[in-house]
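Down below is the structure, laid out as structure tokens.
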Amino acid sequence: MMLKTSHFTVIAFSWLVSLASVSLADAGLESEKLVSLTIVPAEATVSGNGLSRQFVLIGTYADGFNRDLTLRGDWTLSDPDAGDFLTGGRLTARSTGNVTLTARFAGRTATSAVRVKVSEEKRPFSFRRDIGAILTKRGCNTTDCHGTVKGKGGLKLSANALDAKEDFGWIVEGGTFQVLTAESKGPRIPRVDKKNPEQSLILTKPTDDDHGGGKRFDVGSADYLAILQWIRRGAPYGEETEGSAAVVKVDVFPPEIVLEMSGQHQLLVTAHLSDGSTEDLSGQVMYVPTDPLVIEVSDTGVVKPLKPGETSILIRAAGFAVSTRVGVVQEAVANYPEVRSRNFIDRFVFAKLRKFNVVPSELSSDAEFLRRICLDLAGTLPPPERVREFLSSIDPDKRNQLIESLLQSPEYVDYWGFLFSDLMRATFVTSNDAAMTKAYEDWVVNSIAANKPYDQMAREKIAATGFSAPARNLQYVGEPLAPEQIMAEQIRIFWGKRLDCAQCHNHPFEIWTQNQFWGLTAYYGGLEELRGSKVFFDRLDRDWGKPVAHPRTHAKVSPTFIDGTPLSVDERLSPRARLAEQIIASPDFAEAAVNRVWGYLFGRAIVAPVDDFRATNPPTHPELLDALAKDFRARGYDLKQLIRTIVQSRTYQLSGEPNDTNRDDKINYSRALPRPMEAAVLLDAISSATGVEEHFKYHAMAGGADRVPPPGTRAMHMNPDLCPSQFMDVYGRSMRKQAPLGPPEPTLAQALHMWAGQTYTVKIAEKGGRLDKLLAKGSSDAEIIDEFYLAALTRPPTNEEQSQLLGLLSGHPERHQQTLQGFVWALLCSGEFATNH
């Protein structure tokens, strides 16, 4: 049956079974299924006069789920005078003392040790914590309001109060943000009026129904009064002494939620301070669901489902952003089948599917597997004789044997060398020299051939020195690249992060600052080229070479890692070597690598897009990503072993045939999804299926007519800058001007090329091709049909397909050959041929 592609909708989510939290409000939870009760947090401090803390009651059930029972539990305090406990799980402090908070449900009991500290002494004022938190919670500093690059309405605020000092200046003193200077231009309009606090713009604007950003809070509300009192006190910034406790981390519990349509769930957002204490922020942050059609979230963090699906919640706190994922499940599947795992990948993937009542597809047929694995490991289709041999084999280990055979093949080196040459941009326009382009491309391909550890590849590329091959990528059209361009590309490749937006301003969608961008860029400040020699080196002096200047402050920037660690004086003798070690040592390095390889093999990465790791774009399977990264590190950053582990999993080997539960799944790997072939792979596949090689030519700058690629040259061997190809251009081949952006989208030009392009039309009928040879030796129509099905689709035709095609051919004896050519053309134009599935 021909493969049919369709559009998919998201249906499922969950993480590791032991961390899952399911909220059910109906009475269908029989007490005998309840295994234990837990109060979160198990220990807590509630301090300050009138301050409160949120608690959640979690029930662990025999089916492996943890469910929110906060609203159903019976709560008591050992000392009722210590505080007031509300039905929703919030305890407000009244008097000092150590108390026990107890919750009972279905015959089970859970406790939490609570220390209540009531004091009239007020917490020292902090602009970021007390004012920045209000601006963050109310959405005043989001990217669709005053958090845009230059702000709105004359007021600029940093996203999430990330730069509290600048926010303070813009609010109290006025002024506007300038990309290229720290100096404000134009009139300064303060947002506070110390003489008439109630007339301050920071109060009148957000309480006005006609405010451009909408009404944010009411006159007389707690947030209004907090800002008003701050202005009445003279609008101070507050003390930031060395010994004061600062927020160092914000986290959310649970890390994921699974809901039924009748349920709801309370989130706990906790700030961890530098003195070891914690604070409850659950009612002081902004909750933003990425898909508001699936869930809604209250200001206090109560999540309610709207329809089945999966989404995430971005939680914005002053100076921080975290996220949690939420899934709304379908109705339970009766008699859910047992699905056997092949390795740890399957345990994570199938546990998630089980929670969402999604049944994975059956194991792929041998024909499906053979085509998929040959395309994924070798970038080529197997010949018909190899298909017959594999399909007829009864060896139970034949799949593993095929995997090993392909991993050791020269075609594996060709294909994965091609993928990594795309990633690392082996292109003529870097050095503007064909020989140097070949040297850099050979470094990539030879690294794959030798199975060079990926961390070593990273070291050689990041710290490329002298006339080495990877140093060719430090140029563009023969001229040295700017330090900021080199740094941003290295981070995108090896960390999967897009820091580019932080070059001119703080990143609008992530907690990355302009200072962090230029601190990393400064590692390349001493990089120089001996003019005319193409030899690159770092200046060997302790005073540093060419200083990198901050574009706004124009101050000299010292090399500083993204965590704020400056480069020591001794390390400045080899700054890029030190940067390489810091990049590799970060967990981001291994996670980005395994995520990229996973994306190559499934068509969708665990974090997608593959180079867009950020808090607002969480992974679909975080524990799987972590497990893959740990395994990758433990095995010495072995790319081939990583690929082997993935393709040996049952998850990879699932069929593409959907069932009733996974028909709409496109992100949870419950079945194989069709993915378009790369342009070069598709061209090679057409050549393989028709039996007619492609005749490539070089550009004049690479030898032109005087140099012809040898027979048998694959499309993936041809560097895009040096080989003109209308077909590959139409099908969206990467020109390697930037890191790959993902599979190309279908275009009208592709449809026209199928209809009239020589690749599809001429190859089919060419003398010496597969069809010509079959006709010359007198093959029957049935034999021709079978041969082309095996060559193009890696499977024999079904009885129905065979019958219909034979009937079609017999109905036009006067133009038999033309009808056969039409059959081959239709086969090559089918979705089943053009996709890997």
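Taking amide H as placed 1.01 Å from N in the peptide plane, residue 294 has no amide H partner under 5 Å among residues 5 or more places away or on another chain. Look at the dipole of the chain built from charges on Cβ: of 444, 647, 204, the Cα furthest out on the positive end belongs to 204.
With a sphere of radius 12 Å drawn around the Cβ of residue 57, what net charge do the other residues whose Cβ falls strictly inside it have (Lys, Arg +1; Asp, Glu -1)?
For residues surrounding residue 57, the net value is +2.
Calculate the FRET efficiency for residue 569 and residue 150 from the Cβ-Cβ distance with a Förster distance of 35 Å, rounded to the nearest 0.05. Taking R0 as 35 Å, the efficiency between residue 569 and residue 150 is 0.40.
Straight-line cross-link reach from residue 773 at under 18 Å between alpha-carbon atoms covers these lysines, not counting any fewer than eight positions away in the same chain: 763.
Loop-located trypsin sites (Lys or Arg not before Pro) in region 526-596 (DSSP state not H, G, I, E or B) with no more than 13 neighbouring Cβ atoms inside 10 Å: 531, 542. Efficiency by 1/(1 + (r/R0)^6): what FRET value for residue 640 and residue 222, r their Cβ-Cβ distance, R0 = 41 Å, to the nearest 0.05? The calculated FRET efficiency here is 0.10. Phi angles of region 134-145 translate, via the Karplus equation with coefficients 6.51, -1.76, 1.60 and θ = phi - 60°, into HN-Hα couplings of 5, 5, 6, 4, 7, x, 5, 10, 7, 6, 9, 9 Hz per residue; Gly and Pro are given as x. Computed from the C-beta positions of residue 553 and residue 117 and an R0 of 35 Å, the FRET efficiency is 0.25 to the nearest 0.05.
Mind scanning 33/630; 307/666; 137/304; 307/497; 152/194 and naming the pairs with a C-alpha gap bigger than 25 Å? Exceeds cut-off: 33/630; 307/497. The H on the amide N of residue 359, modeled in the peptide plane, is under 5 Å from the matching H of 661, 662, each at least 5 residues off or on a different chain. Quantify, in whole percent, the carbon and sulfur part of the accessible surface of the chain (1.4 Å probe; protein heavy atoms only). Its accessible area is 53 percent carbon and sulfur atoms. Take every Cα pair under 8 Å whose residues are at least 6 apart in sequence, average their separation, divide by the length of the chain, and the relative contact order is 12 percent. Annotation note: trypsin sites (Lys or Arg not before Pro) in region 771-837 located in DSSP loop regions with a Cβ neighbour count of at most 15 within 10 Å are 777. Taking θ as phi - 60° and the Karplus parameters 6.51, -1.76 and 1.60, the scalar couplings of region 71-78 work out to 6, 9, x, 9, 9, 9, 10, 5 Hz in sequence order, x denoting glycine and proline. Taking the charge dipole of region 480-583 about its Cα centre, with +1 at Lys and Arg Cβ atoms and -1 at Asp and Glu Cβ atoms, the residue from 512, 486, 575 reaching farthest to the positive side is 486. Note on residue 435 and residue 830: their simple-model spin labels are 5.0 nm apart, each label 7 Å out from Cα toward Cβ. Peptide packing: for 101-108, 748-755, the average count of neighbouring Cβ atoms within 10 Å per residue gives the ranking 101-108, 748-755, highest mean first.
With all protein chains kept in place, the per residue accessible area of region 127-232 amounts to 47 square angstrom at a probe of 1.4 angstrom. Note that region 590-706 presents 33 Å² accessible area per residue, ligands and nucleic acids not counted, probe 1.4 Å. Note on region 725-802 and region 86-137: Cα centroid distance 67 Å, given to the nearest whole angstrom.
The listed peptides 223-230, 798-805, 167-174, ordered by packing as a protection proxy, come out as 167-174, 223-230, 798-805 (highest mean of other Cβ atoms within 10 Å first).
A simple rule links phi to the HN-Hα coupling: the Karplus curve 6.51 cos²θ - 1.76 cosθ + 1.60 with θ = phi - 60°, which for region 465-482 gives 9, x, 9, 5, 4, x, 5, 5, 7, 8, 10, 9, 6, x, 10, x, 6, 5 Hz, with x for Gly and Pro. Counting only DSSP H runs of at least 4 residues, each contributing -39500 (n - 2.57), and dividing by the residue count of the chain, the helix-based mean residue ellipticity at 222 nm comes to -9500 deg cm²/dmol. The GluC sites (Glu not before Pro) of region 216-309 that DSSP puts in a loop, and whose beta carbon has at most 14 other beta carbons within 10 Å, are 239, 240, 242.
A simple spin-label model places the labels of residue 215 and residue 612 3.6 nm from each other, with each point 7 Å out along Cα-to-Cβ. Between residue 577 and residue 816, full extension at 0.36 nm per residue minus the direct alpha carbon distance yields a gain of 79.4 nm. With 0.36 nm allotted per residue and the present C-alpha distance subtracted, the residue 392-residue 42 stretch has 120.0 nm of extension available.
Between region 445-509 and region 537-609, what is the separation of their alpha carbon centroids in Å? Centre-to-centre distance over Cα atoms comes out at 9 Å. At full extension, residue 660 and residue 106 could sit 195.9 nm farther apart than now, given 0.36 nm per residue minus the alpha carbon distance.
The values are calculated or read from the model by the stated rules, or taken from the named source; none is laboratory data. Predicted model, so just to flag it, every value in this text is computed and none were measured. All Cβ positions, even for glycine, are placed from backbone atoms using ideal geometry, and neighbour counts span all protein chains on display. Ligands, DNA and RNA are stripped out before the accessible areas are found, and what is left, the full protein with its side chains, is counted by its heavy atoms. Shrake-Rupley method; radii C 1.70, N 1.55, O 1.52, S 1.80 Å.
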